[in-house]
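The values are calculated or read from the model by the stated rules, or taken from the named source; none is laboratory data. Since this is a predicted model, take the numbers as computed values, not measurements. In this analysis, Cβ positions are derived from the backbone assuming ideal geometry, glycine residues included, and neighbour counts consider all displayed protein chains. Accessible surface areas use protein heavy atoms only, side chains included; no ligands, DNA or RNA. Shrake-Rupley method; radii C 1.70, N 1.55, O 1.52, S 1.80 Å.
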Amino acid sequence: MDGTQSCTLTPRSTDGKVRVLQLSDCHLFADESGELLGVNTAQSFKAVLGAAREQGYPCDLVLVTGDISQDYSAASYRRFASMISGIGAPVFFLPGNHDDGPLEYRIFGELGISTARRVICGAWQFVLLNSEVYSQAHGWVLRSELEMLRQAVEERRDLMTCVCIHHFPLLTGSAWLDTQTLHNQDEFRVFVKRMDTVRLVLSGHIHQEADTLMGQVRCIASPSTSIQFAPRSQEFELDTKAPGWRCLELSQDGSVRTEVCRLPEGCFTPNYSARGY
Ligand SMILES: [Fe+2]
């Protein structure tokens, strides 16, 4: 893995823990008045950023796990870069199914947002995989991405590894959502299980919180900063929960403590009669 793809940070705290703020599925538009099923996504993202800042979580890094854009536009990425510039910690991202990955990497590189694919911080490394299939809702992780993960693991066997990937690698029990999952999730799971330093997989895409095990590996997904999907719904259904974010505390012994935080109930109410998006 060459130096341009890797970034090394020093944890702020002396307790050996790495603290992460996860933001996901912002779904921003070129037009600042753009709405996703009745929610102004720029306003909901702004509110989440404000609440997270007010919370004062002392994070070492911010991970944005895909779907920054809703319309594949350069302007939506510029909007994101401008909005997140005051977050006070290094920001890293990976593409989701609503993103244009190559455009996103180019624009963020120009705007000074790191395009690193691997971040080393304390006793942990974070490998940011791309599961985007352009203009398709489902995901697919290429073998070359998995080889990047293998290389990172083999280079630093002294570190615990967190794999970040937009598409949650397990079924959710929501029939409609499970049609747009990571379509080669069996390959991903087999590969990851063989990487014995992988302790955590961190995802977005499902617009709801999840915290479960894939063998010995903890798999966590986080709410969207915009609309939420109702868990275990057979057909498309929105949840009444408010936009949210996640704080994670990763210890030197490999343990993970985490908490989902949300805006106050009733904030950014979507159009509940929507039957898709
Ligand atoms: Fe999304």
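Judged by the gyration tensor of its Cα atoms, with axes a ≥ b ≥ c, the stretch 1-131 is oblate; a/c meets the 1.5 cut and b/c is at least as large as a/b. Charge dipole of the chain (Cα centre as origin; +1 on each Lys and Arg Cβ, -1 on each Asp and Glu Cβ, all else neutral): 560 debye, rounded to the nearest 20. By the scheme Lys and Arg +1, Asp and Glu -1, what is the net charge of all other residues having a beta-carbon under 9 Å from that of Asp67? That sum, taken over residues with Cβ under 9 Å, equals -2.
Which of rounded, prolate, oblate describes the stretch 229-277, given a ≥ b ≥ c as roots of the alpha-carbon gyration tensor eigenvalues and a/c under 1.5 marking rounded, otherwise prolate only if a/b is larger than b/c? Oblate shape, in that a/c is at least 1.5 and b/c is the bigger or equal ratio. Considering only the Cα atoms of the stretch 1-78, their convex hull presents on average a projected area of 7.0 nm². Counting only protein heavy atoms and a 1.4 Å probe, the chain has 40 square angstrom of accessible area per residue. For the chain, list log₁₀ I(q)/I(0) at each q in 0.08, 0.10, 0.11, 0.14 Å⁻¹, using the Debye formula over Cα point scatterers of equal strength and ignoring solvent, two decimals each. Scattering profile of the chain, log10 relative to I(0): -0.28, -0.45, -0.56, -0.95. Between rounded, prolate and oblate, where does the stretch 100-239 land on the alpha carbon gyration tensor, with a ≥ b ≥ c its root eigenvalues, rounded for a/c under 1.5, else prolate if a/b exceeds b/c? It comes out oblate by the Cα gyration axes. Between the stretch 1-46 and the stretch 215-277, what is the separation of their alpha carbon centroids in Å? Spelled out, the Cα-based centre of one part sits 14 Å from the other.
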